[in-house]
Amino acid sequence: MTEFEYQVAKSSAFVLALLLTLGLQFLRPHSGSIARRGTGRHGGRDSARSEAHGPAHGSTDGRAHGQTVGQAGGQSSWRVNATAWAFNVVILGVVCAGCACAVSRWAEARELGLLNRVEMLGVHAWLALPITVLGMDFVSYVWHRANHRLSLLWRFHQVHHSDSNFTATTAVRFHFGELLLALPLRLAAVIVLGVSIPGVIAFEVLFAFANFVEHGDIDLPRWIEAPMALLFITPALHRRHHSRESELLNSNYGTIFSFWDRAFHSFGPSTSEAEIQIGLPGLADGLSARELILLPIRGVFRGERSEAPRL
Ligand SMILES: [Zn+2]
Ligand SMILES: [Zn+2]
């Protein structure tokens, strides 16, 4: 597979996943969003009182946590998110355009990594793809959890959580610093696992779909949501992860599979009926793209610490 084909596959998955999520948001919008659009005085989620049902219950008004009530609505944050995404495409394109493929090729030529060795032992090649997806998703889970535990990593990851909306474009709201810091870990995982180029593509395609769909402001029918949540991260499960409340925020770190959270005691149940207050306490809504880029160094020169919101 050529570099060009890899880039085409990756870009196609990105566009299709975005269109699928926008389509689902149009067909099955989250009922909490509709209620707020109809009655909210401030337009954003901040005007709504948390009314999470069941175990994902949040009962505290957002203002009690000290955050600023802002005017950001879905229409404004998507521009900031799109700008952050464009910035990331350029920076990551310069630093690492297809470097996962180059590393995969390098490891294969030297027969490095688990799957390159296992293939030599006669294990069916098709097993390599599910093992790759499982292994890389587990690495992503560990990395995401570390982003919530370590102050330095949280400085960058808070950019993702600073969106006071929860919608398809939140999926691309990341600071380039977080993506650059994640790069060595991702490349090391490709080498250690011995991931093939088809494996890299399979994982990136599935990851793109999971990432977009779980950020969709979507209500799934209960008969789909309940069994789906046994294996996969649903929009409701990830919506809980974007809560202002630290108890809810510090749960559901998975991207594709939900069983990592179950296995490592970070799973928090949630359904489409749960209404979650989105965003971060203490941060004004409607940050500009410039403020977003500078967020990780906010307060650094005044000696302020940015504590990860651990429990
Ligand atoms: Zn997070
Ligand atoms: Zn997210």
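No lab work stands behind these numbers, since they all come straight from the coordinates. A quick note: this is a predicted structure, and the numbers were derived from the prediction, not measured. Glycine gets a Cβ as well: all are built from the backbone with ideal geometry, and neighbour counts include every protein chain shown.
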Self-check item: Per-residue ³J(HN,Hα) for the stretch 96-107, Karplus 6.51 cos²θ - 1.76 cosθ + 1.60, θ = phi - 60°, Hz, x for Gly and Pro
Solution: 8, 7, x, 5, 5, 5, 4, 5, 4, 4, 4, 5
Quiz item: In whole Å, what is the distance between the alpha-carbon centres of the stretch 169-189 and the stretch 252-295?
Solution: 16 Å
Exercise. List TRP260, TRP106 from most exposed to least, where exposure is judged by having the fewest other Cβ atoms within 10 Å.
Key: TRP106, TRP260
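Counting other Cβ atoms within 10 Å of each Cβ, which GluC sites (Glu not before Pro) in the stretch 110-194 have at most 13 and sit in a DSSP loop? Intermediate values should be presented prior to the final figure.
Details: sites: GLU111, GLU119, GLU178; in loops: GLU111.
Answer by residue number: GLU111.
Taking the number of other C-beta atoms within 10 Å as the exposure measure, put LEU230, LEU18, LEU152 in order starting with the fewest.
Working: LEU230 10, LEU18 19, LEU152 14.
Sorted ascending by nearby Cβ count, the order is LEU230, LEU152, LEU18.
All other residues with a Cβ under 14 Å from the Cβ of LEU180 taken together, and with Lys, Arg as +1 and Asp, Glu as -1, what is their net charge? Mind showing how you got there, number by number?
Numbers: positive: ARG155, ARG186; negative: GLU178.
Net of charged neighbours comes to +1.
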Quiz item: Amide H to amide H, which residues 5 or more places from PHE257 or on other chains are under 5 Å from it, using H placed in the peptide plane?
Solution: ILE233
Quiz item: Hey, what do the phi angles of the stretch 205-221 turn into as Karplus ³J(HN,Hα) couplings, whole Hz, using 6.51/-1.76/1.60 and θ = phi - 60°, x for Gly and Pro?
Solution: 5, 5, 5, 4, 5, 4, 4, 5, 4, 6, 8, x, 7, 10, 9, 8, x
Quiz item: Long-range amide H contacts for ILE218: which residues qualify at under 5 Å (H placed 1.01 Å from N, peptide plane, sequence gap of 5 or more or a different chain)?
Solution: HIS30
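If you rank ASP261, ASP285 by fewest surrounding Cβ atoms within 10 Å, what's the result? Walk me through the intermediate numbers first.
Details: ASP261 20, ASP285 25.
The fewest-first ordering by Cβ neighbours comes to ASP261, ASP285.
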